1. Quick check on the chain: helices-only [θ] at 222 nm, where DSSP H runs of length 4 and up contribute -39,500 (n - 2.57) each and the sum goes over total residues. Nearest 500, please.
2. Taking Cα atoms, how many degrees apart are the long axis of helix 6-17 and the longest axis of the chain, rounded to 10 and kept between 0 and 90?
3. Using only Cα atoms, find the angle between the long axis of helix 71-87 and the longest principal axis of the chain, and express it within 0 to 90 degrees, rounded to the nearest 10.
4. In debye to the nearest 20, how big a dipole does the chain give about its Cα centre with +1 on each Lys and Arg Cβ and -1 on each Asp and Glu Cβ?
5. Charges on Cβ only, +1 for Lys and Arg, -1 for Asp and Glu, centred on the Cα centroid of the chain; of THR81, ILE57, PRO39, which one is farthest towards the dipole's positive end?
6. Anything over 32 Å Cα to Cα? Flag those among LYS29/LYS59; LYS59/LYS84; LYS15/LYS59, in the order listed.
7. Assigning unit charges at the beta carbon (Lys, Arg +1; Asp, Glu -1) and nothing else, what dipole magnitude in debye, to the nearest 20, does segment 41-87 show about its Cα centre?
8. What residues have an amide H closer than 5 Å to that of LEU26, excluding those fewer than 5 places away on the same chain, when H is modeled at 1.01 Å from N in the peptide plane?
Amino acid sequence: MKAATLKQIHDHGGKVFESGEPILILRGKEPLGVFEPLPDPSNDPIEVRRRRYSRSIAKIRRHLAARGITEEQVDRDIEATLRKARGRR
């Protein structure tokens, strides 16, 4: 099992997790926990993926509704963020 400190994860985030193997997370020399990657969902049957997707969307909708946020507001925020990002290139 690989090990990575919080600093390594902060500095090199994606690279640390690319191997797909479990990683012991450390704060200095003290263990904090273990990162266990999820299996590739594309191997799940399509019915399972559809149910998972539907549950996720329903949960997101409830979360937004509880905060009074509409899908239109989310769409506008995403578009504004994309425009801003395109302008920086």
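Just so you know, all these numbers are worked out from the coordinates, no wet-lab data involved. Fair warning: this is a prediction, and the values are worked out from it, not measured in the lab. Please note: Cβ atoms are built from the backbone with ideal geometry, for glycine as well, and neighbour counts cover all protein chains shown.
1. Values: 3 runs with 50 residues, N = 89.
The per-residue figure over the chain is -19000 deg cm²/dmol.
2. 70
3. 60
4. Working: 20 positive and 13 negative charges, 74 e Å.
Rounded to the nearest 20 debye, it is 360 debye.
5. Towards the positive end, the residue furthest out is THR81.
6. Numbers: LYS29/LYS59 38 Å; LYS59/LYS84 29 Å; LYS15/LYS59 30 Å.
Going by Cα-Cα distance, LYS29/LYS59 fall outside the 32 Å limit.
7. Details: 13 positive and 7 negative charges, 33 e Å.
It comes to approximately 160 debye.
8. ALA4, THR5, LEU6, LEU32
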